[in-house]
Structures are given as C-alpha cells and as structure tokens.
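These notes concern the structure reproduced below.
Just so you know, all these numbers are worked out from the coordinates, no wet-lab data involved. Owing to the predicted nature of the structure, the values given are computational and were not obtained by experimental measurement. Glycine gets a Cβ as well: all are built from the backbone with ideal geometry, and neighbour counts include every protein chain shown.
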Amino acid sequence: MNAGLLTYPTLMAADILIHNASFVPVGKDQEQHLEMARNFAQRFNHRYGETFNEPYPFNFGNALVKIPSLDGQGKMSKSENENATLYLADSDEAIRKK
C-alpha cells in the first residue's frame, strides 16, 4: 500500500487547520478529508481548549463546489494534461499561456 493513501488526507487536514479555515471549497472526492479535519479540530479543542475552527465545505445550495482545471474542462489534476498544472519551474510565459 502506498503511504500517500494514509498521509495525504492527514496533510490536507493539517493545511486546513493551520490556516484556521471556516469554509473550504472542496470537491465531492475531498469531502472525507474535510470531515477528518473537522474531527481533528473537535478532538484538539476538547482536550486543549478552543484553538481551531471546525471547517465546513463551501458550497452553493446542496451541491459541493467543483473546482475545474485551468482550462475549465474536467477536474484540477496534474495527470489530466500538461496544461492543467502550474509548476514552480515554469517560465512566466508558460504560466500566462496555461
């Protein structure tokens, strides 16, 4: 089993909590990570006092926000195509083009 399966949700929860986010735009496939972040916040606050906000999904009505790729087609994903990802090593021109 890949360690990313276990560490990625925890890292995402840590990112959400460290920024003290109240509402987080997440896709349907990330909903469980937000639930994990809320669980971590509740447990920490219960033990050590009110420290973290409990994050909730940012949505419009009952549908969770869908975060599209840079070209507006499909989901945001590095594996979708080269133009769907901004890399730190990209030149300014490449970033503008994407």
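What to note about this one:
- Per-residue HN-Hα couplings for region 11-27 [Karplus 6.51, -1.76, 1.60; θ = phi - 60°; Hz; x = Gly/Pro]: 5, 5, 4, 5, 4, 5, 6, 5, 8, 6, 6, 9, 10, 10, x, 10, x
- Measuring r between the beta carbons of Ala89 and His46 and using R0 = 35 Å, the FRET efficiency lands at 0.20.
- Label-to-label distance, His19 versus Tyr56, with points set 7 angstrom from Cα along the beta-carbon direction: 1.9 nm.
- Exposure proxy order (Cβ contacts within 10 Å, fewest to most) of Arg38, Arg96: Arg96, Arg38
- Distant-in-sequence amide H partners of Phe23 (H built 1.01 Å from N, under 5 Å): Tyr56
- Lys28/Asn2 FRET efficiency (R0 25 Å; Cβ-Cβ; nearest 0.05): 0.70
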